[in-house]
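Notes to accompany the following structure.
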Amino acid sequence: MSYLKSHWQLLALTAVIFALWQTPVVIPLKILVVFLHELSHALAAWLTGGSVTQISLSPQQGGFAITRGGNVFVILSAGYLGSLLLGVALLMTALRSQMDRMVIAGLGIVMALVTVFYVRDLFAVAFCTIGAAALIAMARFLGHAANDMTLRVIGLSSMIYVPYDIYDDTIARRRVQSDAQMLADNFGGTAAIWGGLWLLVSVAVIIWCLRRGLGSTSNLTLSP
């Protein structure tokens, strides 16, 4: 009972996201998580000496990042696991710091820069432009509580979406072209094996976050 009392807001928010998961309401959140997925590919490419040619998103919650050079293994592995880590980082920022507005603004600026330099197709340009403007405006005009809650929603959505997407893309529908399939093509094994490993890692990260990252309480104090 003490755990429920200390974290009831986060549990309620998770329940709401789950309840709305198959409705159009959370489609923008799902596409935002796809953006984090593709951004993670790009970050892995840059960090391993490669470059990025294009990033794209689709209304069907798909996307791709075209990269050149870099470490192929790291780049392919970074999509699912990187977006999960970004989601955890956003949630931990909300729970453990007062930097909510700064991080929301930073995410908006990153979306804007990615749009200018790497996005080419109309839907992705529109989504990222609107998303960047909304995040920057939120950081500028709304208070701590609203920005904190936004980070919680984005972080939780990523933590929910990533394991589901790994399972769906690599285990439930094994013939789907995915990062895991490309990894299998390049390094051996099967998409299901790589997907299963990523799924185990993602579950371990989520469990760690829940056990060690929440602290004594995660409830948001509604103060200015």
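The values are calculated or read from the model by the stated rules, or taken from the named source; none is laboratory data. Keep in mind that what you see is a predicted model, and the values were worked out from it rather than measured. Using ideal geometry, Cβ is built from the backbone for each residue, glycine included, and neighbour counts are taken over all protein chains shown.
So that you can scan it fast, the table gives a plain yes or no per residue for (1) more than 18 Å from L81 (Cβ to Cβ); (2) of a type outside the set (G, A, S):
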{"residue": "D148", "(1), (2)": "yes, yes"}
{"residue": "S158", "(1), (2)": "no, no"}
{"residue": "V201", "(1), (2)": "no, yes"}
{"residue": "G213", "(1), (2)": "no, no"}
Among the residues of segment 108-131, write down those that are touching a residue at least 12 places away in the same chain (Cβ under 8 Å) and small (G, A, S). G108, A112, A124, G131
Residues (in contact (Cβ under 8 Å) with a residue 40 or more places away in the chain and not polar (S, T, N, Q)) located in segment 41-56: H41, A42, V52, I55
Filtering segment 172-205 for residues that are over 19 Å from F73 (Cβ atoms) and either modelled with pLDDT under 90 or over 17 Å from the mean Cα position of the chain (by Cα) (or both) leaves a count of 5
Condition (residue is assigned to a helix (DSSP H, G or I), out of contact with any strand residue (DSSP E or B) (no Cβ under 8 Å at 6 or more places or on another chain) and either surrounded by 19 or more Cβ atoms within 10 Å (Cβ to Cβ) or basic (K, R) (or both)) applied to segment 167-177: is it met by at least one residue? yes
Selected residue [at negative phi, of a type in the set (K, R) and touching a residue at least 40 places away in the same chain (Cβ under 8 Å)] from R140, R211, R152: R152
Name the pairs whose Cβ atoms lie under 6 Å apart, with the first residue in segment 74-97 and surrounded by fewer than 24 Cβ atoms within 10 Å (Cβ to Cβ) and of a type in the set (A, V, I, L, M), the second part of a helix (DSSP H, G or I) and at pLDDT 95 or above, and 6 or more positions between them or separate chains? V74/A44; L86/L36
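Do any helices (runs of 4 or more DSSP H) entirely within segment 56-142 hold 2 or more residues that are out of contact with any helix residue (DSSP H, G or I) (no Cβ under 8 Å at 6 or more places or on another chain) and more than 23 Å from V162 (Cβ to Cβ), and if so, which?
100-118, 122-141
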